[in-house]
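Data block below; observations after.
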């Protein structure tokens, strides 16, 4: 009896784009969207940009740390992804992932 192989061909993954964080100094443009969200404890929040080719600025408005990235690899405790109270970070991305160990409020502003 001949065995059949049930091997699926795997399509190669496209290389991941490097995270492109943008400096807030001298950032210019028009505000095209504003959004505010209170994060849940240990839940993930995903923000999709309203416009294409925008810069997304995230600010931590609440008490507690926010962990933010343009990739879904968030980990509470990762200092590279952490925003403290009143800190801001800008991303050149279409999607942002956020999580927290508490319930802070996040503000997201899209600039084009």
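Here, each number is a calculation from the coordinates, and none is a lab measurement. Quick caveat: nothing in here was measured; it's all calculated off a predicted structure. Glycine also receives a Cβ, built like all others from the backbone with ideal geometry; neighbour counts cover every protein chain displayed.
Put in order of Cβ neighbour count within 10 Å, fewest first, the listed residues 53, 70 become 53, 70. Among 66, 41, the ranking by other beta carbons within 10 Å of each residue's beta carbon, starting with the fewest, stands as 41, 66.
Rank the residues 89, 95 as a footprinting-exposure proxy: fewest other Cβ atoms within 10 Å of their Cβ go first.
Numbers: 89 19, 95 14.
Taking fewest neighbouring Cβ atoms as first place, the list is 95, 89.
How high is the relative contact order of the stretch 21-111, in percent, with contacts defined as C-alpha pairs under 8 Å that are six or more residues apart?
Numbers: 232 pairs, mean separation 43.7, N = 91.
48 percent.
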